[in-house]
1. Report yes if some residue within segment A:68-86 is more than 20 Å from A:Met8 (Cα to Cα), not hydroxyl-bearing (Ser, Thr, Tyr) and not in a helix (DSSP H, G or I); otherwise report no.
2. With B:Phe77, B:Phe21, B:Phe13 as the choices, which residue is buried (at least 22 other Cβ atoms within 10 Å of the Cβ), within 30 Å of A:Thr9 (Cα to Cα) and among the hydrophobic types (A, V, I, L, M, F, W, C)?
3. With (1) surrounded by fewer than 16 Cβ atoms within 10 Å (Cβ to Cβ); (2) without any contact (Cβ under 8 Å) to a residue 40 or more places away in the chain; (3) over 24 Å from A:Gly62 (Cβ atoms) as the list, and B:His70 as the residue in question, which single condition is left unmet?
4. In the set A:Asp35, A:Asp92, which member is without any contact (Cβ under 8 Å) to a residue 24 or more places away in the chain, more than 8 Å from chain B (Cβ to nearest Cβ) and either surrounded by 19 or more Cβ atoms within 10 Å (Cβ to Cβ) or out of contact with any Cys (no Cβ under 6 Å at 6 or more places or on another chain) (or both)?
5. Among the candidates B:Leu30, B:Leu53, which residue alone is farther than 24 Å from A:His64 by Cα, in a helix (DSSP H, G or I) and facing chain A (nearest Cβ under 9 Å)?
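What follows is calculated from the coordinates using simple rules that are stated; it is not laboratory data. As the structure is a prediction and not an experimental result, all values here were calculated from the model. Quick reminder, even Gly has a Cβ in these numbers, built from the backbone with ideal geometry, and neighbours come from all protein chains shown.
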Amino acid sequence: MTLAMDVMTVALWIAFIAVAVAQVMAMIRLIIGPDTGDRILALDTMVINAIGLIVLLGIAHGSHIYFEVALIIAMLGFVSTVAYARFVLRGDIIE
Amino acid sequence: MIWETVAIYAVAFCLIVGAAFSLIGSIGLLKFNDAMTRLHAPTKVGTVGIGALLLASMIHAQIFSDGALHDLLIMAFLFVTAPISANFIAKVNIHKGSCTAPPPPPEDDTWSTLDVPETDRALMPETEALN
């Protein structure tokens, strides 16, 4: 049991570091992205990685209160991605 | 007791798989050299990466407290919305010309486009015909 808990703690740390590095990589693509589509895609990936970080934080704290945060960020990320794409495509968000 | 140990190892496995998919997807986002291939990599983050992390969260809640399956809501929402946002980003790439243009239609200009064939234009309502 203690060995399993140790393995889970190490896996949690590895997951935190990996998702944080993924977030930094997406931010680099957001800065250097040669075109608008790459920047929108990098923002979308950053939102998804942020959801992953919040889920990992919920596992580390062992609490359920991070569920609402993750769900609201998921909805907001989808709406903002579609709004950015529509603004580039149509010059307006709601016609 | 033995099932709890197995479940904790399952949590660790799901965490590693989810984190690995997130990292690999972001490496693909950074390293690929074409806009459309860059679009391909991060979709795996949204499905398998977050899916495995949420599965780990659900198993963890099942062991350490009264079980909570509401993480399935986030998973279902992300699975439904990921193709829509990817489709919008692909349209932006085509619109901005940052990828090779789609091939011309093989027979006429109305194949797989929004154009209405010549013979059907009389059937269109007035408001659409103005466009």
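1. no
2. Unique residue meeting the criteria: B:Phe21.
3. Evaluating B:His70 over (1) surrounded by fewer than 16 Cβ atoms within 10 Å (Cβ to Cβ); (2) without any contact (Cβ under 8 Å) to a residue 40 or more places away in the chain; (3) over 24 Å from A:Gly62 (Cβ atoms) leaves (3) as the failure.
4. Exactly one of A:Asp35, A:Asp92 is without any contact (Cβ under 8 Å) to a residue 24 or more places away in the chain, more than 8 Å from chain B (Cβ to nearest Cβ) and either surrounded by 19 or more Cβ atoms within 10 Å (Cβ to Cβ) or out of contact with any Cys (no Cβ under 6 Å at 6 or more places or on another chain) (or both), namely A:Asp92.
5. B:Leu30
Condition check ((1) free of Cβ contacts under 8 Å to residues at least 40 places away in the same chain; (2) surrounded by fewer than 16 Cβ atoms within 10 Å (Cβ to Cβ); (3) under 14 Å from the mean Cα position of the chain (by Cα); (4) facing chain B (nearest Cβ under 7 Å)) across all residues:
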| residue | (1), (2), (3), (4) |
| --- | --- |
| A:Val10 | yes, yes, no, no |
| A:Thr45 | yes, no, yes, yes |
| A:Ile59 | no, no, no, yes |
| A:His64 | yes, yes, no, yes |
| A:Ile72 | yes, yes, yes, no |
| A:Leu76 | yes, yes, yes, no |
| A:Val82 | yes, no, no, yes |
